[in-house]
Amino acid sequence: MSGPTLSFEDRRVLVVGGSSGIGRGIARAFRDAGAATTAWGTRARIEDYEQPHELDGIDYAQVDAADDAQVRSAAAAIDALDVLVMCQGTVRYRKQEFEAEVFRQVLDVNLTSMMTCAQAFFPLLAKAGGTIVTVSSTAAYHATLGTPAYNASKCGVVGLTRTLGQAWASQGVRVNGVAPGYVATKLTEVTTNRPDRLAAALERIPLGRMGEPDEMAGAALFLASPLASYIVGQTLIVDGGMTL
């Protein structure tokens, strides 16, 4: 008798924000697990990203997830979907997020676009008995100096995950999330590029190191798999113990 598996053979997966950082790691993991994987990003071509070879075997489409019309148009071109991973995100440092216009822009990308994408793909996911995995941040569980929009948006994603999980479970769609801690990406360069900040961050992490995109991917694959078939509306913290 065989048990649940992390194989995604014959499954179709879309990773919004899958062209770089944590999203890229997640897209690669689904590809390696056998899924037909598509990544959405904001640049015109996949070759416009650093090390585009890492995305070999992954379909790519330029879609601004914060643009409702682009999302609807791109979603209409997809005829089947089993897993939707939403990893889009931005942050504006130097206290820019205290300005109302910038605050709204960050929320549009980090939070509102997730609801737009979830709504756009819900019919296909319901038909397939599929899953949604949101990617938020441990910022949802503590204050973040100088970035109120980023923080509020990540809190919102955790709440959205709970609420959509409750609303859609009876319709065959499981919704869960991953909250990464410190992972070396462009969004964390404000920390990783400064030895003093990096040292202070590592002191707070019991494992003593930053996470890797592939480690976030493992959590996403688990939540999208039959291994997590009775998990609904939860956000899994993957932070090396930092929030402890």
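The values are calculated or read from the model by the stated rules, or taken from the named source; none is laboratory data. This one's a predicted model, so the numbers in the text were calculated from it and none came from an experiment. Neighbour counts are summed over all protein chains in view; Cβ atoms, including those assigned to glycine, are modelled from backbone coordinates with ideal geometry.
Suppose we keep only residues that are more than 21 Å from G18 (Cβ to Cβ) and part of a loop (DSSP other than H, G, I, E, B) within region 180-194. Which one would you say is modelled with the highest pLDDT? Explain how you work it out, then say what you get.
Taking region 180-194 as the starting set, the residues that turn out to be more than 21 Å from G18 (Cβ to Cβ) are 190-194.
Now narrow it down to the ones that are part of a loop (DSSP other than H, G, I, E, B): 193-194.
On the way: N193: 74, R194: 77.
Among them, the one singled out is R194.
Please determine whether any residue of region 165-175 is within 25 Å of P123 (Cα to Cα), outside any helix (DSSP H, G or I) and out of contact with any strand residue (DSSP E or B) (no Cβ under 7 Å at 6 or more places or on another chain).
Start the filter on region 165-175 by keeping residues that are within 25 Å of P123 (Cα to Cα), which leaves 165-175.
Subset that is outside any helix (DSSP H, G or I): 172-175.
If we keep only those that are out of contact with any strand residue (DSSP E or B) (no Cβ under 7 Å at 6 or more places or on another chain) as well, we get 172.
Yes, that holds for at least one residue.
Here are some residues: Q88, Q96, Q119. Which one is surrounded by fewer than 17 Cβ atoms within 10 Å (Cβ to Cβ), closer than 30 Å to A143 by Cβ and modelled with pLDDT of 95 or more?
On the way: Q88 fails: surrounded by fewer than 17 Cβ atoms within 10 Å (Cβ to Cβ); Q119 fails: closer than 30 Å to A143 by Cβ.
Selected residue: Q96, the only one of Q88, Q96, Q119 that is surrounded by fewer than 17 Cβ atoms within 10 Å (Cβ to Cβ), closer than 30 Å to A143 by Cβ and modelled with pLDDT of 95 or more.
Here are R197, R209: which of them is in a helix (DSSP H, G or I) and charged (D, E, K, R)? Walk me through how you get there before you give the answer.
On the way: R209 fails: in a helix (DSSP H, G or I).
Every option except R197 fails the conditions.
Those residues that are β-branched (V, I, T) and surrounded by fewer than 19 Cβ atoms within 10 Å (Cβ to Cβ), I need them from region 1-41; list them, please.
Looking only at region 1-41, we keep the residues that are β-branched (V, I, T), and these are 5, 13, 15-16, 22, 26, 37-38.
Answer for region 1-41, where residues must be β-branched (V, I, T) and surrounded by fewer than 19 Cβ atoms within 10 Å (Cβ to Cβ): just T5.
Out of A80, A65, A100, report the one residue that is farther than 26 Å from G233 by Cα and hydrophobic (A, V, I, L, M, F, W, C).
Numbers: A80 fails: farther than 26 Å from G233 by Cα; A65 fails: farther than 26 Å from G233 by Cα.
Criteria check complete, one pass: A100.
Which condition does Q70 not pass, out of (1) of a type in the set (S, T, N, Q); (2) assigned to a helix (DSSP H, G or I); (3) touching a Lys or Arg at 6+ places or on another chain (Cβ under 9 Å), if it passes all the others?
For Q70, the exception is condition (3).
Taking only region 124-164 into account, find how many residues are modelled with pLDDT of 95 or more, part of a loop (DSSP other than H, G, I, E, B) and of a type in the set (V, I, T).
1
Picking from T112, T90, which residue would you name as being among the hydroxyl-bearing types (S, T, Y), assigned to a helix (DSSP H, G or I) and more than 19 Å from T37 (Cα to Cα)?
Working: T90 fails: assigned to a helix (DSSP H, G or I).
T112 is the lone residue from the list that is among the hydroxyl-bearing types (S, T, Y), assigned to a helix (DSSP H, G or I) and more than 19 Å from T37 (Cα to Cα).
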